[in-house]
Amino acid sequence: MVSTRADLADLETFVAIARAGGFRRAAALRGVSGSALSHSIRGLEARLGVRLFHRTSRSISLTAAGEVLLAELEPRFLGIQAAMDLLDSFRSGPTGRVRVTTLRDAAELLIAPRLHSFRKSYPDVEVEVSVEDRFIDMVAEGFDAGIRYGGTVPEGMIASRLTSELEWIVVGSPAYLNERGRPARPEDLLTHECIRIRTGTDHLCKWELGDGDRMVSLDVPGLLTLGDSELSIRMAEEGGGLFYCLQARVEDKLAAGSLEVVLPDWTSTGPGFHAYYVSHRQVPSALRTFLDYLKAPVAGD
């Protein structure tokens, strides 16, 4: 069989579908229709004389032949990408696209203050940011990097610290605290209405107060569970209950007096934001530049 450009394109399509775990997801990432990818794979299978995917109405999986082909092709296509990335050193500046999935807190505190100046400094880098608190399969979804709290980075990923440790506090509105009283010790929170939030792994977040041997972890009560910190802060301002959050997220609310710190002697220190990405021999220059930029202080700080 003589290899053609069409074969190489279809082989790359095959790898993309296998990585994404399906035709629809791969099509969405590539900006084409699922039927177009299906047509490419049918043609490739016909030319190779073997079936590469088991297909049902709900799912696909690799055949034995498909698994062998993927094992041979994937490192070669990664090698091609790495070779292309090496050319960045010959350009005047980084180019390419950076796709990042991030927590909302990191989007607000880390990315938003720097994104405009990054675009002005590196106009040839295309940036796409997806804000999602729940864990996603970064590789399957086609992202170059993710941003989460340290200690929650998925196994098998390379982690890079972006910030120092972060301060966590409990806050409530003056109206709520005047009505329900101000807790004097962590255990008092168990008699209050607390706004709970789910973590990216779909577990209810426990409130950790204090540090070291003094640290107390509480599964607080509450009839309101929200999946977004911005909405939770808004509800706390309106007197809906107490909320546990990053101090940096509510500094303006504290200064304005719409929220106040509860149990100020029990603030907690947690890991900072970390970027994570798949281990490669060469990190693309656009991604490396973007992550380095996030580590830099905001102008005027």
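The values are calculated or read from the model by the stated rules, or taken from the named source; none is laboratory data. This is a predicted model, so every value here is computed, not measured. Every residue, glycine as well, gets a Cβ built from its backbone with ideal geometry; the counts of neighbours run over all protein chains shown. Side chains included, ligands, DNA and RNA excluded: accessible areas come from the protein's heavy atoms. Shrake-Rupley method; radii C 1.70, N 1.55, O 1.52, S 1.80 Å.
Just by accessible area at a 1.4 angstrom probe, what is the order of MET84, MET215 from largest to smallest?
The ranking, largest first, comes out as MET84, MET215.
Cut-off under 16 Å on the C-alpha distance; same-chain residues fewer than 8 positions from LYS253 excluded. Which aspartates and glutamates are left, in chain and number order?
ASP105, GLU108, GLU167, GLU230, GLU237, GLU238
Which order do you get for ASP188, ASP7 if you rank them by accessible area with a 1.4 Å probe, largest at the top?
Values: ASP188 40, ASP7 5 Å².
Ranked from most to least accessible, the order is ASP188, ASP7.
With +1 on each Lys and Arg Cβ and -1 on each Asp and Glu Cβ, how big is the dipole of region 50-203 about its Cα centre, in debye rounded to the nearest 20?
Working: 19 positive and 23 negative charges, 53 e Å.
Here the size comes out at about 260 debye.
Counting only helical runs of four or more DSSP H residues, what would the 222 nm mean residue ellipticity of the chain come to if each run contributes -39,500 (n - 2.57) and the total is spread over all its residues?
Value at 222 nm, helices only: -10500 deg cm²/dmol.
What figure in square angstrom, to the nearest 10, would you give for the accessible area of ARG25 with a 1.4 Å probe?
100 Å²
Take the solvent-accessible surface of the protein heavy atoms, probe 1.4 Å, and return the percent of it on the chain that carbon and sulfur atoms account for.
So the carbon and sulfur contribution to the accessible surface is 51 percent.
For a quick check of understanding: with a 1.4 angstrom probe and all protein chains in place, what accessible area in square angstrom does TYR277 have, to the nearest ten?
40 Å²
Decide, for region 102-235, between rounded, prolate and oblate: order the square roots of the alpha carbon gyration tensor eigenvalues as a ≥ b ≥ c, take rounded if a/c falls under 1.5, and otherwise choose prolate if a/b is larger than b/c, else oblate.
prolate
Which of the following values of volume of the Cα convex hull per residue in Å³ was calculated from the structure shown: (1) 126; (2) 172; (3) 151?
Correct label is (2).
Sorted by average packing, counted as other Cβ atoms within 10 angstrom per residue and highest first, what order do 73-79, 242-248 take?
242-248, 73-79
If contacts are Cα pairs under 8 angstrom and at least 6 residues apart, what is the relative contact order of the chain in percent?
Over the chain, the number comes to 22 percent.
Sort LYS120, LYS295, LYS206, LYS253 by heavy-atom solvent-accessible area, probe 1.4 angstrom, most to least.
Per-residue accessible area, sorted high to low, gives LYS120, LYS206, LYS295, LYS253.
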